[in-house]
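Report on one structure; see the data block that follows.
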Amino acid sequence: VQLQASGGGLVQPGGSLTVSCSASGLTFSNAGMGWFRQAPGKEREFVATISRSGVTRYYADSVKGRFTISRDNAKNTVYLQMNSLKPEDTAVYYCAARTSGSTSLYLKEYDSWGQGTLVTVSS
């Protein structure tokens, strides 16, 4: 399984950015997908998760109303649209696949991880 995250970069506070994660080596439509992030000096934390069909989505309280997770099963890709970005959103963002189940908020329930993409929110 390979997960390739892309789309990170530098954005000003209040700005928007969309990161993507392209998957291969798995039956994408059978995997729950998640986004996690890790800020410098902090532990990796849950951001968002989406079910196999894309119907069910859960978000961390810190991003609810600002971030949107989505997926395109035809393209084997999961997205994280981030709006109203804040400096505290600065982190390396990781996508993860859960081939044994659907949505999950828990890091340990994911069996495959991408390499991460850095998002920096700064003026």
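The values are calculated or read from the model by the stated rules, or taken from the named source; none is laboratory data. Predicted, not measured: the structure shown is a model, and the values here were computed from it. Counting neighbours? That spans all protein chains shown, and the Cβs are built from the backbone with ideal geometry, glycine included. Surface areas here come from the heavy atoms of the whole protein model, side chains and all, with no ligands, DNA or RNA. Shrake-Rupley method; radii C 1.70, N 1.55, O 1.52, S 1.80 Å.
Here are a few things to note about the model shown:
- Potential extension, Ser29-Arg57 segment - 0.36 nm per residue separation minus Cα distance: 8.6 nm
- Just the protein heavy atoms count here, and of the accessible area of the chain at 1.4 Å, carbon and sulfur take up 46 percent.
- For the stretch 20-75: rounded, prolate or oblate by the Cα gyration tensor [a/c cutoff 1.5]: oblate
- Among beta bridges identified by DSSP and lying wholly in the chain, the antiparallel ones come to about 90 percent.
- Computed with a 1.4 Å probe over protein heavy atoms only, the accessible surface of the stretch 70-123 comes to 49 Å² per residue.
- Length gained on full extension, Ser102 to Gln4, computed as 0.36 nm times the residue gap minus the Cα-Cα distance: 33.3 nm.
- Cα lying deepest toward the dipole's positive end in the chain, options Asn83, Ser51, Gln38, charges on Cβ: Ser51
- Given charges at beta-carbon only (K, R positive; D, E negative), |dipole| of the chain in Debye: 160 debye
- Among 3-14, 75-86, the order from most to least packed when residues are scored by Cβ within 10 Å on average: 75-86, 3-14
- Integer Hz, Karplus 6.51/-1.76/1.60 couplings in order for the stretch 96-111, x for Gly and Pro: 9, 10, 10, 6, 9, x, 9, 5, 7, 8, 9, 3, 5, 8, 9, 10
- For the stretch 31-123, taking the reciprocal of the average inverse distance between every pair of different Cα atoms yields a Kirkwood hydrodynamic radius of 13.3 Å.
- Under 20 Å from Lys86, Cα to Cα: lysines that are on another chain or at least 8 residues apart: Lys42, Lys64
- GNM flexibility winner over the chain from Ser100, Ser51, Ser22 (Cα, springs under 10 Å): Ser100
- The chain: relative contact order in percent, alpha carbon pairs under 8 Å with at least 6 residues between: 37 percent
- Highest mobility in the GNM of the chain, judged by mean-square fluctuation with C-alpha springs under 10 Å and restricted to Thr103, Thr56, Thr68, is found for Thr56.
- Ser122 paired with Asn83, simple spin-label distance in nm, labels 7 Å along Cα-to-beta-carbon: 2.7 nm
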